[in-house]
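J.: Starting off with a structure, shown below.
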Amino acid sequence: MLVEHSKRKAGHVMPLVAIALAPIFALFTYFYVRDQYEKEPSLLLLLVFGGGFLSVVPVILLGQIFYSILNFLVDPRWLLHDLIENFIVIALVEEGLKFLVVLQLAYRHPAFNEPYDGMLYAITASLGFAALENILYVLNGGLVVGFARMVLSVPAHALFGAFMGYYAGRAKFSVAHSKHYLFAALLFPTLLHGLYNFLLSINRGEFALLVVPLSLFMWWRALRQVRIASLRSPFRPQNLPPGEDS
């Protein structure tokens, strides 16, 4: 009887896990195939993904600590509370941990040898984070939550990673402005993440709808960054005209 119960429970959980991981796999594949000239080591990508996956744990712990401090210092009814919560307690903590994963595991690795690598590693770390986060949300909220996050939250994490990775790639191959680009690699995804969450957290539908143009902008900009980073690859054939590698 216990075995049958376990089988039924597993039969209920596995489809939810599959729904949680499907957009992760799809988005990783989408950006992986755009690494056209010199593929990254599978083991390193797996390591970075695992780092992003495990970063959920310190994010939860730090989030609880900072949220308690925020509630003690700022009245939850104030707009300032919402701004600090979304831009610092959530966005800065999450993007900061992903940023550390990229810096510690990939940034100094010899395989990080072209600008697009920054995008792929940061997107991979972001999708690792999104994978565990998505599993937890979907197991708790069910199919509706799974499909909603498939459209909204998971692509957003990948796009935040694209912005982070683009500037990490610029930093890696810049002599004069390396620190400025590294700062941008943390700043821009944090601001976009904070704005994204803030719009969704406001209890007014018209503000939540602004997530749509924000998402479209991030997709447009990320795809442009993919093209720019690819054009700067030292492995790109010199006789290939701009635009013919897309």
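Laboratory data are not the source of any read-out in this text; all were calculated from the coordinates shown. Since the model is a prediction, treat every value here as computed from it, not as a measurement. All Cβ positions, glycine included, derive from the backbone under ideal geometry; neighbour counts span all protein chains shown.
J.: Where does each of 221, 170 land when they are ranked from fewest to most other beta-carbon atoms within 10 angstrom?
T.: Ordered from fewest to most neighbouring Cβ atoms within 10 Å, 221, 170 come out as 221, 170.
J.: Residue 191 to residue 46: extension gain in nm, 0.36 nm per residue of separation minus the Cα-Cα distance?
T.: Contour length minus Cα-Cα distance gives 49.5 nm.
J.: OK, next. I want to check the label-to-label distance for residue 18 and residue 174. Put each point 7 Å from Cα in the C-beta direction and report it in nm to one decimal.
T.: The answer from the label model is 4.5 nm.
J.: Quote to one decimal, in nm, the extra length available between residue 62 and residue 81 on full extension: 0.36 nm per residue of separation minus the C-alpha distance between them.
T.: My answer for the length gained is 5.1 nm.
J.: Treat the count of other C-beta atoms within 10 Å as a stand-in for reagent exposure and order 124, 29, 190 from fewest to most.
T.: The order, fewest Cβ neighbours first, is 29, 190, 124.
J.: Quick one: putting +1 on the C-beta of Lys and Arg, -1 on the C-beta of Asp and Glu, what dipole do you get for the chain around its Cα centre, in Debye to the nearest 20?
T.: Taking the Cα centre of the chain as origin, the dipole is about 180 debye.
J.: Name the chymotrypsin sites (Phe, Trp or Tyr not before Pro) in region 55-95 that are in a loop by DSSP and that have at most 15 other C-beta atoms within 10 Å, would you?
T.: Filter output for region 55-95: 78.
J.: Continuing with the same structure: What helices in the chain pass both tests, a Cα length along the helix axis of 15 Å or more and a mean Kyte hydropathy of 0.0 or higher, using whole DSSP H runs?
T.: Span-like helices here: 2-32, 42-54, 56-73, 115-141, 153-172, 178-201, 211-231.
J.: While we're looking at this one, here's another question. State to the nearest 20 debye the size of the charge dipole of region 61-126 about its Cα centre, where the only charges are +1 on K and R beta carbons and -1 on D and E beta carbons.
T.: For this selection, approximately 140 debye.
J.: Tell me, in nm to one decimal, what length is gained between residue 216 and residue 70 on full extension, where the rule is 0.36 nm per residue of separation less the Cα-Cα distance?
T.: Length gained, residue 216 through residue 70: 49.4 nm.
J.: Calculate the tail of P(r) for the chain: the fraction of all Cα-Cα distances greater than 22 Å, expressed in %.
T.: 56 percent
J.: Quick one: plug the Kirkwood hydrodynamic radius of region 1-116 (C-alpha pairs) into Stokes-Einstein at 37 °C, 0.692 mPa s, and report D in µm²/s.
T.: Translational D for this selection: 186 µm²/s.
J.: Scale the Cα Rg of region 88-167 by the rule-of-thumb value 2.2 N^0.38 Å and send over the ratio, two decimals.
T.: Cα Rg divided by the expected 2.2 N^0.38 Å: 1.17.
J.: Another question about this same structure. Cα gyration tensor of region 168-237, axes a ≥ b ≥ c as square roots of the eigenvalues: rounded (a/c below 1.5), prolate (a/b > b/c) or oblate?
T.: oblate
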